[in-house]
1. Anything in region 53-72 that is of a type outside the set (D, E) and either in contact with a Gly (Cβ under 9 Å, 6 or more places away or on another chain) or part of a helix (DSSP H, G or I) (or both)? List them, or say none.
2. Quick one: S50 ticks every box in (1) assigned to a helix (DSSP H, G or I); (2) among the hydroxyl-bearing types (S, T, Y); (3) surrounded by fewer than 15 Cβ atoms within 10 Å (Cβ to Cβ); (4) out of contact with any helix residue (DSSP H, G or I) (no Cβ under 8 Å at 6 or more places or on another chain) except a single one, so which number is it?
3. Since I37 meets every condition but one in (1) over 10 Å from the mean Cα position of the chain (by Cα); (2) part of a helix (DSSP H, G or I); (3) not small (G, A, S), which condition does it not meet?
4. Residues that are of a type outside the set (V, I, T), out of contact with any Phe, Trp or Tyr (no Cβ under 9 Å at 6 or more places or on another chain) and surrounded by 14 or more Cβ atoms within 10 Å (Cβ to Cβ): does region 10-17 have at least one?
5. From (1) exposed (fewer than 15 other Cβ atoms within 10 Å of the Cβ); (2) not in a helix (DSSP H, G or I), pick out the condition that doesn't hold for E23.
Amino acid sequence: MRLPIIKHLHKFIAENDPDFVHETILVLEHLSESQSIKDEELDVLGELLSNMYGALEVHEMVIKGKSEKDALNEFMKRVVGSVD
């Protein structure tokens, strides 16, 4: 996951609609199930998907009243904590 990408995607969601990202996630998940997809391509899809899911979570926190900065920091702390 990359914080600048999550931040950029959150900006897109805030300016448009989260449904765009939800639908993109569905397409990418469907594509990842293809038998002809290579491991490197699957890695890229996984990275894109994790950033999109992260942006949606940050967006939900912002809707609930957190500042974007606090939401991003909280999300990344949670991610880093789950890796440890």
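1. Once the filter is applied, which keeps residues that are of a type outside the set (D, E) and either in contact with a Gly (Cβ under 9 Å, 6 or more places away or on another chain) or part of a helix (DSSP H, G or I) (or both), region 53-72 yields Y53, G54, A55, L56, V58, H59, M61, V62, I63, K69, A71, L72.
2. Every listed condition holds for S50 apart from (3).
3. With (1) over 10 Å from the mean Cα position of the chain (by Cα); (2) part of a helix (DSSP H, G or I); (3) not small (G, A, S) applied to I37, the lone miss is (2).
4. yes
5. Against the list (1) exposed (fewer than 15 other Cβ atoms within 10 Å of the Cβ); (2) not in a helix (DSSP H, G or I), E23 comes up short only on (2).
Every number in this text was worked out from the coordinates using simple rules, so none of it is lab data. A quick note: this is a predicted structure, and the numbers were derived from the prediction, not measured. Don't worry about glycine lacking a Cβ; one is built from the backbone with ideal geometry, like all the others, and counts go over all protein chains shown.
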